[in-house]
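I have placed the structure first, in the form of structure tokens, so that the comments after it can refer back to it.
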Ligand SMILES: N[C@@H](CCC(=O)N[C@@H](CS)C(=O)NCC(=O)O)C(=O)O
């Protein structure tokens, strides 16, 4: 059986679990501790969760690489549409979910007192179970660390809070009409768009107290989609290869990606390429500044490479869908593919010494 080493409150552990459930692949979740987090990183070279242990002894990390590999090893049911336009959009939505929604998801968890108290206590009792001391005391350094990394470190300030909240609220408003009409984001079968969105939507926005309350009130069909995906054990015959055309109602989600996510990915990639330590990006009328993220730059190159490999007819359709500005950004300058540094690196691809 597959073993997922992670935490039952983690964004990307949840994304991988959603994928395995949609695929109908049985797995066991093994809760990481501080010690095992460091030890397991030696198998893959990256200190992050989840780490996937395969029955044949192989180890994998990074949900994108894992899903790429498992889609090849277990092609049925497919979660990647074979239609070039739909396949590209499902990967674009996955990238948006993995990279752009990270900030609002972490913001809602660590900026609100109730959420931060609950989640730091769960981490203290869970992941830090191998560190001696009372949970009440262990909670405080966790709170400090998570706020330093995931609020200040991701560029959250009191001035840009409303813009970060809008990332979540506008997404709910864009998805609610779609998911009140059908079961899955892109059509009659779950795709990588659903799996990507499931990461932040399930473990953070659905399960954390403050965004969960907002989701139930503002977007009940999104809440139903989260639990629908969690309840999957295979897709019951649905297959992403049946998703062959784009529906008009995804315009709201596409606009969020074009206006907010792609410019951020580009600003970060350009700052990485220039060797700058910081990226500055405009979200609405607000500035967001954070340390350049090499892994995130790699996610833009992946999209650029996928775009350049498409047939001209698909690129034309995507120009109509995404607009000329987004397509200019996807067509170049093409940044080099991200290659993790040798040795141990962190989730951003930075070497750990
Ligand atoms: N790109 C990775 C991201 C994995 C990731 O960022 N995991 C988070 C937890 S959800 C992590 O390991 N954080 C480590 C930390 O906070 O130090 C993936 O797709 O798996």
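Here residue 59 fits the description: surrounded by fewer than 23 Cβ atoms within 10 Å (Cβ to Cβ), over 20 Å from the mean Cα position of the chain (by Cα) and at pLDDT 95 or above.
Number of residues in region 1-56 that are more than 15 Å from residue 230 (Cβ to Cβ), within 11 Å of the ligand (Cβ to nearest atom) and in contact (Cβ under 8 Å) with a residue 60 or more places away in the chain equals 9.
Residue 284 fulfils the conditions (1) under 25 Å from residue 82 (Cβ atoms); (2) in contact with a helix residue (DSSP H, G or I) (Cβ under 9 Å, 6 or more places away or on another chain); (3) surrounded by fewer than 19 Cβ atoms within 10 Å (Cβ to Cβ) except for a single criterion, (1).
For a quick check of your reading: which strands (runs of 3 or more DSSP E) sit entirely within region 1-54 and have at least 2 residues that are crowded, with 21+ Cβ neighbours inside 10 Å?
Working: elements: 2-6, 27-31, 51-53.
In region 1-54, the matching strands (runs of 3 or more DSSP E) lie at 2-6, 51-53.
Taking region 291-309 as the range and being within 18 Å of the chain's Cα centre (by Cα) and within 21 Å of residue 47 (Cβ to Cβ) as the test, the residues that pass are 292, 293, 294, 295, 296, 297, 298, 299. If we scan region 81-103, do we find a residue that is within 16 Å of the ligand (Cβ to nearest atom), under 30 Å from residue 263 (Cβ atoms) and outside any helix (DSSP H, G or I)? Yes, the conditions are met somewhere in region 81-103.
Against the criterion of being within 16 Å of the ligand (Cβ to nearest atom), in a loop (DSSP other than H, G, I, E, B) and either surrounded by 13 or more Cβ atoms within 10 Å (Cβ to Cβ) or in contact (Cβ under 8 Å) with a residue 24 or more places away in the chain (or both), residue 336 does not qualify. Once region 129-154 is narrowed to residues that are touching a residue at least 24 places away in the same chain (Cβ under 8 Å) and either away from the ligand (no atom under 15 Å from the Cβ) or part of a loop (DSSP other than H, G, I, E, B) (or both), the residue that is surrounded by the most Cβ atoms within 10 Å (Cβ to Cβ) is 151.
The values are calculated or read from the model by the stated rules, or taken from the named source; none is laboratory data. Source: prediction; values computed, not measured. Because the Cβ atoms are built from the backbone with ideal geometry, glycine has one as well, and the counts that use them run over all protein chains shown.
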